[in-house]
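The values are calculated or read from the model by the stated rules, or taken from the named source; none is laboratory data. Worth saying up front: this structure is predicted, and the values here are computed from it rather than measured. Cβ placement follows ideal geometry from the backbone for every residue including glycine, while neighbour counts extend to all protein chains displayed. The accessibility values were calculated without ligands, DNA or RNA, using every heavy atom of the protein model including side chains. Shrake-Rupley method; radii C 1.70, N 1.55, O 1.52, S 1.80 Å.
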Amino acid sequence: MAVIQANRMCEDYSQLESGPDHPQGTFAGVYDGHAGSEASKFVSHNLFFNLKNIVSERREVSESVLKKAFSTTEEDFLSLVKKQWMNNPQIASVGTCCLAGVLHDGVLFVANAGDSRAVLGRVERGSKRASAVQLSNEHNVNIASVREELYALHPDDSQVVIMKHKCWRVRGLIQVSRSIGDVYLKRAEFQREPLLPKFRLAETFEKPILNSEPEVTVHKLQPEDHFVIFASDGLWEQLSNQEAVDIVHNFPRNGIAKRLLKAALHEAAKKREMRYADLKKIDPGVRRHFHDDITLIIVFIDSHLVSKSPLPPYSIKGGVFPR
């Protein structure tokens with residue numbers, strides 16, 4: 001795992017959970033927050049907990065189980081917003097992209113809402129080169145198909161996606177079309193004071209503009225599948241899928257997340273025609289003009305161990321937590 005802060009306050013959280021409990025296997029989560037860190041922090045404390053409860057009830061890991069875990073977490077966050085928003089109206093405008101992977105019983109489930117990305121590194125038998133296989137799709141309105149999806153869902157809303165500050169944005173405010181949180185674009189009841197004026201829309205809406213349902217990919221693991229990179233869009237803005245996979249494949253595992261992160265920062269510096277050493281000196285906040293917060297998790301897959309049990313319990317979280 002590796003994290004670098006670019007915003008004045010880091011808005012990313014992440015976690016890795018592994019062990020014999022339901023679901024037996026490994027869980028990886030990357031939560032790229034926006035407009036604040038409340039939503040991403042909330043998801044880091046609740047999504048896996050909700051997933052475990054649902055798996056225990058249904059005795060399975062499946063696409064519907066993952067979608068239920070996302071919707072339950074969304075409902076829980078909405079309840080928190082309703083309790084807090086009169087005293088803390090900013091909480092209605094925070095949200096987070098959510099990328100979650102579950103390796104269970106030889107199958108990899110990837111659930112994504114937002115513009116983070118999961119990429120598989122495959123090494124074909126007899127080959128020394130790793131190939132990149134993208135396991136998730138981004139929900140960012142700068143992608144034409146995502147804009148078309150929103151236009152289709154909101155045929156009577158000519159302003160559902162507009163160009164602002166040289167990029168496409170939902171109602172001129174946000175680039176992602178799916179998230180957890182962002183209740184000001186999902187529940188019209190929050191489109192009033194004390195919500196900050198910059199988040200209040202000129203025209204109200206009847207049905208949610210954004211949604212929290214993840215797109216789920218199910219991949220049966222093969223002996224050729226060597227690792228998965230789960231990362232926020234800050235990494236993919238700097239490196240292609242293949243560039244990232246090449247770095248992970250060609251260097252030792254020890255310290256590889258930090259190495260991949262450093263490669264992204266070198267690329268960010270290069271784009272601005274500056275030295276990496278000078279980029280490192282720039283303080284958070286100002287640094288956001290050069291690159292985004294970056295969070296990444298690399299999960300290595302040892303195929304001969306995948307079906308063996310039990311797994312030792314393991315839990316680690318990434319982010320900025322109070323001492």
Projected label distance in nm at GLN222 and ILE143, using a 7 Å step from Cα toward the beta-carbon: 2.3 nm
Could you please state, rounded to a whole Å, how far the C-alpha centre of the stretch 72-87 is from the C-alpha centre of the stretch 231-291? 35 Å
Divide the volume of the convex hull of the Cα atoms of the stretch 1-155 by its number of residues and quote the answer in cubic angstrom per residue. 167 Å³
If each K or R counts +1 and each D or E counts -1, the residues other than VAL55 whose Cβ falls under 15 Å of its Cβ total -1
Would you please name the GluC sites (Glu not before Pro) within the stretch 118-180 that are DSSP coil residues with at most 14 other C-beta atoms within 10 Å of their C-beta? GLU124
Expressed as a percent, the portion of alpha-carbon pairs in the chain spaced more than 30 Å apart is 34 percent
For the chain, dividing by residue count, accessible area per residue (probe 1.4 Å) in Å² works out to 48 Å²
Quote the accessible area belonging to ARG200 in square angstrom, nearest 10, computed with a 1.4 Å probe and with ligands, DNA and RNA left uncounted. 80 Å²
Below 24 Å, Cα to Cα, which lysines can LYS207 reach? Residues fewer than 8 away in the same chain don't count. LYS67, LYS68, LYS82, LYS83, LYS164, LYS186, LYS198
Applying 1/(1 + (r/R0)^6) with R0 = 22 Å to the Cβ-Cβ distance of GLN242 and ARG275, what FRET efficiency is obtained, to the nearest 0.05? 0.30
Between ILE282 and ALA152, what FRET efficiency comes out of the Förster formula 1/(1 + (r/R0)^6) with R0 = 30 Å and r the beta carbon distance, rounded to 0.05? 0.10
Express the carbon and sulfur contribution to the solvent-accessible surface of the stretch 18-88 as a percent, rounded to the nearest whole number, probe 1.4 angstrom. 46 percent
Top mean-square fluctuation among HIS291, HIS219, HIS104, Gaussian network model of the chain, C-alpha springs under 10 Å? HIS219
Pick from ASP293, ASP115, ASP21 the residue whose mean-square fluctuation is largest in a GNM of the chain, springs joining Cα atoms under 10 Å. ASP21
In the neighbourhood of ASN140 defined by beta carbon distances under 15 Å, the net charge of the other residues (Lys, Arg +1; Asp, Glu -1) is -3
Ignoring ligands, DNA and RNA, what percent of the 1.4 Å accessible area of the stretch 170-323 is carbon and sulfur? 50 percent
PRE zone check, label point 7 Å out along Cα-to-Cβ of GLN90, amide N under 16 Å, scope the stretch 19-61, hits 33-42
Once MET163 and ARG125 are pulled to full extension, the length gained, defined as 0.36 nm per residue separation minus their Cα-Cα distance, is 9.0 nm
On a straight-distance basis, which lysines could pair with LYS128 in a cross-link, Cα separation under 26 angstrom, same-chain partners fewer than 8 positions away excluded? LYS220, LYS258, LYS262
How large is the convex hull of the C-alpha atoms of the stretch 162-303 per residue, in Å³? 164 Å³
For ARG253 and LEU196 in the same chain, what is the full-extension length gain: residue separation times 0.36 nm, less their Cα-Cα distance, in nm? 15.9 nm
